[in-house]
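Here the structure is laid out as structure tokens; the discussion comes afterwards.
The values are calculated or read from the model by the stated rules, or taken from the named source; none is laboratory data. Please read these numbers as outputs of a predicted model, since none were measured by experiment. Note that each Cβ is placed from the backbone with ideal geometry, even for glycine, and that neighbours are counted across all protein chains shown.
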Amino acid sequence: MSHSILVYEHGGPEVMKWEEIPPQHPGRGEVLIDQKKVGLNFIDVYQRSGSYPLSLPSSIGMEGVGLVDTIGEDVENVKVGDRVGYVMGPPGSYAESRLYPAERLIKLPDYISDSQAAAILLKGLTVSYLINKTFPVKKGQTVLFHAAAGGVGLIACQWLNKLGVEVIGTVSSDEKAEIAKAHGCHHTINYSLEDFTAGVEEITDGKGVPVVFDGVGSDTFEGSLKCLSPFGLLVSFGASSGPPPELSVAVLAKKALYITRPSLYPHTATAELTAGISSPLFEAVRDRLSISINQSYPLKDAANAHRALQSRKTTGSTILEI
């Protein structure tokens, strides 16, 4: 029998239960995946806690890697035995095996391992759309990236550095500052000890930055606006500290600022859209973008992984082992 983490009520990490699940059979357009690795992301916390309510009982999780075990009718893009990954789509990656829509699967290059794929798909594709689609960065620009030592941040720092972009990164500790610098972040600001807006002003000689990539939310939102240069863009793509406050658009007028709230789901809604951001990511990995897997937990102990993530004790990526 296969096992899954199931949630019967929204709440803290303790609501996640490791249970046997009945055999599953793929329907039309579906495949059954024998899962090998699962990625841990903040969206999993939102699903578990009820910030993103689910129809309960349910498993959680949006990213996994495994082998195609069985295919349903009308599935032509993959075959039994193919090594695949996925992001977004229906929740439920916290499982030893699961059903998944075949059209949303991503075939993985041989040079990316299962662990690397589970660590990089959601986070790496997020970085890909942020710097290639939302705000196509240019060599010589300076950008601010919050949570620079996190899973998304470490990928972004490396990638931006390779593109010739100067990166200012915020972190919550001196230890995380060193990790971010080792991954290509040019300037780090420990916002636990100093005002990051003042730091950005000093680094940029008062000019500000053309874009702020903010996955933190509540704690950084207002400061992020202050860091922007005229006509700058605030990219609010996450809310690890809670949702940003409500905003009167009048505050944007003085410097003619812009705000956007992108997400990964629409960027992976079709195979063509997914390829548009996965191809640059896979090329970056092939060109030696390193993948920092700094924590791993057995899937059945996912509650402990959630506690570590929420307490900001993690750096880089965390994977759940099956």
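Structural remarks
- All positions within the stretch 291-322 that are part of a helix (DSSP H, G or I) and either in contact (Cβ under 8 Å) with a residue 40 or more places away in the chain or not assigned by TED's automatic domain parsing to the domain that holds M62 (or both): L299, K300, A302, A303, N304, A305, H306, R307, L309, Q310
- Those residues of the stretch 22-45 which are buried (at least 18 other Cβ atoms within 10 Å of the Cβ) and not in a strand (DSSP E or B), in sequence order: P26, L40, N41, F42, I43, D44, V45
- Unmet criterion (only one of (1) within 22 Å of Q295 (Cβ to Cβ); (2) among the hydroxyl-bearing types (S, T, Y); (3) in a strand (DSSP E or B)) for S93: (3)
- The set of residues in the stretch 96-148 that are in contact with a Ser or Thr (Cβ under 6 Å, 6 or more places away or on another chain) and of a type in the set (D, E, K, R) contains only E96.
- Subset tally (residues that are small (G, A, S), more than 26 Å from Y46 (Cα to Cα) and in contact (Cβ under 8 Å) with a residue 12 or more places away in the chain) for the stretch 188-247: 4
- None of S278, S241, S292 is modelled with pLDDT of 95 or more and among the hydroxyl-bearing types (S, T, Y) except S278.
- Only one entry in D114, D82 is charged (D, E, K, R), in the same structural domain as G29 (by TED's automatic domain parsing) and over 21 Å from the mean Cα position of the chain (by Cα), namely D82.
- Residue list for the stretch 142-184, filter: out of contact with any helix residue (DSSP H, G or I) (no Cβ under 9 Å at 6 or more places or on another chain), in a loop (DSSP other than H, G, I, E, B) and farther than 21 Å from A239 by Cβ: G164
- Filter pass, A198 being under 22 Å from the mean Cα position of the chain (by Cα), hydrophobic (A, V, I, L, M, F, W, C) and surrounded by fewer than 20 Cβ atoms within 10 Å (Cβ to Cβ): no
- Whether a residue is modelled with pLDDT of 95 or more, crowded, with 23+ Cβ neighbours inside 10 Å and not assigned by TED's automatic domain parsing to the domain that holds V45 was assessed, and G150 does not pass this test.
- Exactly one residue out of I60, I33 is at pLDDT 95 or above, of a type in the set (A, V, I, L, M, F, W, C) and touching a helix residue (DSSP H, G or I) at 6+ places or on another chain (Cβ under 7 Å), and it is I60.
- Cβ-Cβ under 8 Å pairs, at least 6 apart or on other chains, the stretch 154-175 side more than 20 Å from T204 (Cα to Cα), far side assigned to a helix (DSSP H, G or I) and of a type in the set (D, E, K, R): I155/K123
- Pairs, first within 9 Å of V171 (Cα to Cα) in the stretch 135-151, second buried (at least 21 other Cβ atoms within 10 Å of the Cβ) and acidic (D, E), C-beta under 8 Å, six or more apart: H146/D214
- Failed item in (1) outside the structural domain of I203 (by TED's automatic domain parsing); (2) within 16 Å of the chain's Cα centre (by Cα); (3) under 22 Å from L163 (Cα atoms), with F237 passing the rest: (1)
- When restricted to residues that are under 27 Å from Q310 (Cβ atoms), in contact (Cβ under 8 Å) with a residue 12 or more places away in the chain and in contact with a Leu (Cβ under 8 Å, 6 or more places away or on another chain), the stretch 248-288 contains 7.
- Which numbered condition K207 fails, given (1) closer than 26 Å to K133 by Cα; (2) under 20 Å from the mean Cα position of the chain (by Cα); (3) of a type outside the set (F, W, Y): (2)
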